[in-house]
Structures are given as structure tokens and as C-alpha cells.
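> Below: one structure in C-alpha cells.
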Amino acid sequence: MSERTPGPVRLDIIGKNAIVTEDGGRVIAKTYSATPTSAGVVEMLANAAFIARAWNSHDALLAAARNYLSGCDNAECEYCIVARAAIAKAEAP
């Protein structure tokens, strides 16, 4: 698997599309409204905004989880179990 675009990315609205782009303007993701209602458009915008926020915070959140684990030596710690599960999800293909 190749490396992902490092980011940051941003949300752009072009016509009726919500588009997530990198700084150079290359399109990373597009979201579409399944229904042409105002509720569908609001959902489309929310999905694109979520993609951009998740993309831009992914590395920092992963580093924070790893940093937390490095300071805990209790294998049964419920916070460590949650942190390890979150790291596994973040690193899954």
C-alpha cells in the first residue's frame, strides 16, 4: 500500500459538491448528497467536514495514544486496552 497524502487537507465547496482537497488543490475526496433535499446537502457537507477533520487530526491522535501507552506498564489497564484498540483501528488497512 502506498503512503497517503500527508495533509493538511481542507473542505471546499465547488458547485453542488463538497470536496476535500490538499493544499495544492488536488482532490482527495468528494461527497455527494443521496437526496437533493436540504437535509441531504447538510449531511453531505457534514461528511466532507468530518473527513477533513479526521484526516488532519489522525497523526496527532495516533501519537497521543502511543505516548499514553509508553507511560503505562499495566497490561490490564482499561485505558491502555482502549488505546491499543484505537491504534489497531487507525493502522488497519
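The values are calculated or read from the model by the stated rules, or taken from the named source; none is laboratory data. Predicted model only: the values in this text are computed from it and were never measured. In this analysis, Cβ positions are derived from the backbone assuming ideal geometry, glycine residues included, and neighbour counts consider all displayed protein chains. In case anyone asks, the SASA skips ligands and DNA or RNA and just uses the protein heavy atoms, side chains included. Shrake-Rupley method; radii C 1.70, N 1.55, O 1.52, S 1.80 Å.
> Report the paramagnetic label zone for Lys16: residues of segment 40-84 whose backbone N is under 17 Å from a point 7 Å from Cα along the Cα-to-Cβ axis.
40-46, by backbone N distance to the label point.
> Please give me, ordered by residue number, the GluC sites (Glu not before Pro) of the chain that lie in loop per DSSP and have at most 10 other Cβ atoms within 10 Å.
Answer by residue number: Glu3, Glu76.
> Here's something else I'd like to know. Pop out the ³J(HN,Hα) list for segment 52-61 in order, Karplus 6.51 cos²θ - 1.76 cosθ + 1.60 with θ = phi - 60°, rounded to Hz; leave Gly and Pro as x.
5, 5, 5, 4, 6, 9, 3, 5, 5, 5
> Once fully extended, how much extra length lies between Lys89 and Ala75, figured as 0.36 nm per residue of separation less the alpha-carbon to alpha-carbon distance?
3.2 nm
> In addition: Check each of the trypsin sites (Lys or Arg not before Pro) in segment 10-86 and keep only those in coil by DSSP with at most 11 other C-beta atoms within 10 angstrom; list them in order. Each step should come with its number before you reach the end.
Working: sites: Arg10, Lys16, Arg26, Lys30, Arg53, Arg66, Arg84; in loops: Lys16, Arg26.
Counting only loop positions with at most 11 other Cβ atoms within 10 Å, the trypsin sites (Lys or Arg not before Pro) in segment 10-86 are Lys16, Arg26.
> For the chain, what does the accessible surface come to per residue with a 1.4 Å probe? Please give it in Å².
Normalised by residue count, the accessible surface of the chain is 72 Å².
> A further question on this structure: Hey, what number do you get for the chain at 222 nm if only DSSP H runs of n ≥ 4 count, each worth -39500 (n - 2.57), divided across all residues, to the nearest 500?
So the helix-based figure for the chain works out to -18000 deg cm²/dmol.
> Counting pairs of Cα atoms in the chain, how many percent are more than 24 Å apart? Walk me through the numbers on the way to the answer.
Details: 1702 of 4278 pairs.
Summing the P(r) tail past 24 Å for the chain gives 40 percent.
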